[in-house]
Amino acid sequence: MNKKILLYLLLSSIVVANEANNNEYDISTEVKGELKKVYDVGRDLKENIKDIDIKDIDIKDIDINTKVDIDNLKTEAKDKVLDITDELQELNVDDVIENIKNLANNKKENNTFYMGVGGYKKLDGFAYGVHYANKYDNIDYIINLKREVTGEYRSHSDKSKDYFSLDMDFDKYTLKVSHELLNQDFEGIENVGTGTDKKYTSTGLDLRYELKNEAKESIFLGTNVYVSESTSTEALRNFNNYFIKLYGEYEAVVNSNDFNHILLTEGGYYVDRFDESGTGVLYVDVNDRFKYNKYKDIDFKANVGLEIANRQHEKSETGLNFGLEGTKPLKNNINVLAFINNVNKNSNYRNLVNDFEIVDDIIEIVDSSNNQTELLTEKNFNIGTGINYIKDSIYLESKLKINSVKNKIAYQEKNISATERAVEIYNYNSNISWIELNSKAAYTKDNYKGEIIFDLSTLEKIAYSPKTTIKLNGSYEMGKNIYELSFVNYGKMYTTDDSDTSRYLINSYSLINFKYNYKLSPEMKISFNVNNLFNNKSKKMEGYSINGRKLMLNFEMQY
């Protein structure tokens, strides 16, 4: 099959995935032709697809049936790199970029309206939203409006969220503004019957300017501004946070007699302020995907970076980052890899809060031990090896990694009142080492899609670090019907680190979610969701049960 046609099929699959049900998008799109030898790929690139170069996507690294946060999608996509460097050199890259831009102009066909109703013990939850894309003169714009009310799934647990975003592309500029309003009740400890409330607002602005964009070289300048505020009847939930970043990006394809390089360089400065503390960070990162002609069968990835973090109340830190990974194909569709990384990067509060997934009652504060007022940089060194197998409809992968970390950023349970607990972010106060095994298998054939992920870790000293994590996702399409099932099992873990003699053990627990979709027409469908199908009552924190079973009926229409 012509390589250019294959590439265009990949780009088409990236554009068409679009399913709006909440603030994250389900992605699951079939890729035709020989790309099925890897496995199905789906990406919903709502944000200016012309900024995503084909060389930045690694089809082996994309998970099926995963959740993608549309606010961070562009960053995630740029972390992926394409494993077809040789093919790219045989294509007319200018034509490919022009094709991407043409596909981006068709995004107005993905206009969507959706609504849903449901609840836990009663019909008190609902959601609705609109995704609208159009063009006015030379301005492309996308509007997203969403409202979600979860209803009460535990005592004092109502939550509502309103979200608005506007994306605009004009001339060489890309602009996005967003605003989120959250009202949430936090339950008290079981049998207490009281809790607190929280009002949270977050406003963001992202501006990007295309200084140069050619086939083998591009330069972008940009800025990110986020302002967040939380007010509550419980003082420890109150905070103010703002994040301001100025940055530049340089991308280039550089070829010589001995090396072929794909370079991505970013540098800039950002300020991350949280209440009375703040950090200013100056950084530069260089990522290089290259091949050495003497070892043509080995694909190398390398990165190097420097970061200087000036903290308002703590000692300033300078961190050197570097990493190297090599992948070599063997016989019978098997590839082996080895890697080494040294990562000393400051973590901003916004990302830390969004990354925590075990407990939903997190307090977005840093009330650290040892009288710390700001988080220190996590100094992380790891080394490892891996193997993968790709053939027809099967993809298998396994990686073994040894980690050594100083100032590890962690999360643990905290009493914030006599009747209420929450989760805080802090630095673990000693060096730790542990081993991780990460395995993944994906299968795609005809109307079946399936994936299983298994993670094993020896890290027990840190709270909310399960020994094992198992995730399964599967879907089956039959005519107008689509059935989806997801399963997650977390192994035993603790609610505090090992310095707390009264640490509470959370036993292993599992959650199962089911979704049924029915296509009324090519433009309309209805779906039925059941989260926590078997109404598991396990604990995620001492005195707090897991969210109960929730049912939701949804309607979606494209226009």
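With the requirement that a residue be open to solvent by less than 30 Å² (accessible area, probe 1.4 Å) and not in a strand (DSSP E or B), what does the range 400-417 give you? Matches in the range 400-417: 407, 416. Among the residues of the range 539-557, those identified as over 21 Å from residue 123 (Cβ atoms) and modelled with pLDDT under 90 are 539, 540, 541, 542, 543, 544, 545, 546. Regarding the range 188-204, can at least one residue be identified that is open to solvent by less than 20 Å² (accessible area, probe 1.4 Å) and more than 30 Å from residue 417 (Cβ to Cβ)? Yes, because at least one residue in the range 188-204 is open to solvent by less than 20 Å² (accessible area, probe 1.4 Å) and more than 30 Å from residue 417 (Cβ to Cβ). Here residue 355 clears all of (1) in contact with a strand residue (DSSP E or B) (Cβ under 6 Å, 6 or more places away or on another chain); (2) within 19 Å of residue 488 (Cα to Cα); (3) open to solvent by 30 Å² or more (accessible area, probe 1.4 Å) except the condition numbered (1). Condition first: aromatic (Phe, Trp, Tyr) and either touching a helix residue (DSSP H, G or I) at 6+ places or on another chain (Cβ under 6 Å) or free of Cβ contacts under 8 Å to residues at least 40 places away in the same chain (or both). Can you find one or more residues in the range 450-457 that meet it? Yes: one or more hits.
Scan 496, 469 and give me the residue that is at pLDDT below 95, within 24 Å of residue 380 (Cα to Cα) and among the hydroxyl-bearing types (Ser, Thr, Tyr).
On the way: 469 fails: at pLDDT below 95.
Of 496, 469, the one residue that is at pLDDT below 95, within 24 Å of residue 380 (Cα to Cα) and among the hydroxyl-bearing types (Ser, Thr, Tyr) is 496.
Just checking, does the range 467-489 include any residue being crowded, with 18+ Cβ neighbours inside 10 Å, farther than 24 Å from residue 150 by Cβ, of a type in the set (A, V, I, L, M, F, W, C) and in contact with a Pro (Cβ under 7 Å, 6 or more places away or on another chain)? The answer is no, given that none of the residues of the range 467-489 is crowded, with 18+ Cβ neighbours inside 10 Å, farther than 24 Å from residue 150 by Cβ, of a type in the set (A, V, I, L, M, F, W, C) and in contact with a Pro (Cβ under 7 Å, 6 or more places away or on another chain).
Taking residue 291 as the residue in question, decide whether it is crowded, with 16+ Cβ neighbours inside 10 Å, of a type outside the set (Val, Ile, Thr) and over 26 Å from the mean Cα position of the chain (by Cα). So residue 291 passes the test. Which of the residues spanning the range 169-187 are aliphatic (A, V, I, L, M), surrounded by fewer than 17 Cβ atoms within 10 Å (Cβ to Cβ) and over 22 Å from residue 237 (Cα atoms)? The one that is aliphatic (A, V, I, L, M), surrounded by fewer than 17 Cβ atoms within 10 Å (Cβ to Cβ) and over 22 Å from residue 237 (Cα atoms): 177.
Filtered by the rule that a residue be in contact with a strand residue (DSSP E or B) (Cβ under 9 Å, 6 or more places away or on another chain) and either touching a residue at least 60 places away in the same chain (Cβ under 8 Å) or among the aromatic types (Phe, Trp, Tyr) (or both), the range 189-203 gives 189, 190, 195, 196, 200.
Can you find a residue in the range 359-378 that is open to solvent by 30 Å² or more (accessible area, probe 1.4 Å) and assigned to a strand (DSSP E or B)? Looking for residues that are open to solvent by 30 Å² or more (accessible area, probe 1.4 Å) and assigned to a strand (DSSP E or B), one finds at least one in the range 359-378, hence yes. Screening the range 141-168 for residues that are acidic (Asp, Glu) and open to solvent by less than 40 Å² (accessible area, probe 1.4 Å) and picking the one that is nearest to residue 227 (Cα to Cα) gives 167.
Within the range 205-231, take every residue that is hydroxyl-bearing (Ser, Thr, Tyr) and surrounded by fewer than 17 Cβ atoms within 10 Å (Cβ to Cβ) and give me the one that is nearest to the chain's Cα centre (by Cα).
To start, the set of residues in the range 205-231 that are hydroxyl-bearing (Ser, Thr, Tyr) comprises 209, 218, 223, 226, 228, 230-231.
Those left that are additionally surrounded by fewer than 17 Cβ atoms within 10 Å (Cβ to Cβ): 209, 223, 231.
Values: 209: 24, 223: 20, 231: 27 Å.
The selected residue is 223.
Identify, from the list 397, 420, the residue that is touching a Lys or Arg at 6+ places or on another chain (Cβ under 7 Å), surrounded by 16 or more Cβ atoms within 10 Å (Cβ to Cβ) and not polar (S, T, N, Q).
397
Residues that are farther than 30 Å from residue 197 by Cα, of a type outside the set (A, V, I, L, M, F, W, C) and in contact with a Ser or Thr (Cβ under 8 Å, 6 or more places away or on another chain) do not occur anywhere in the range 230-241. Could you tell me whether the range 333-351 includes any residue that is at pLDDT below 85 and within 24 Å of the chain's Cα centre (by Cα)? Yes, some residue in the range 333-351 is at pLDDT below 85 and within 24 Å of the chain's Cα centre (by Cα).
The values are calculated or read from the model by the stated rules, or taken from the named source; none is laboratory data. Since the structure is predicted, the reported quantities are computational estimates derived from the model, not experimental observations. FYI the Cβ positions are ideal-geometry reconstructions off the backbone, even for glycines, and counts take in every protein chain you see. What goes into the accessible areas is simple: the full protein's heavy atoms, side chains included, and nothing from ligands, DNA or RNA. Shrake-Rupley method; radii C 1.70, N 1.55, O 1.52, S 1.80 Å.
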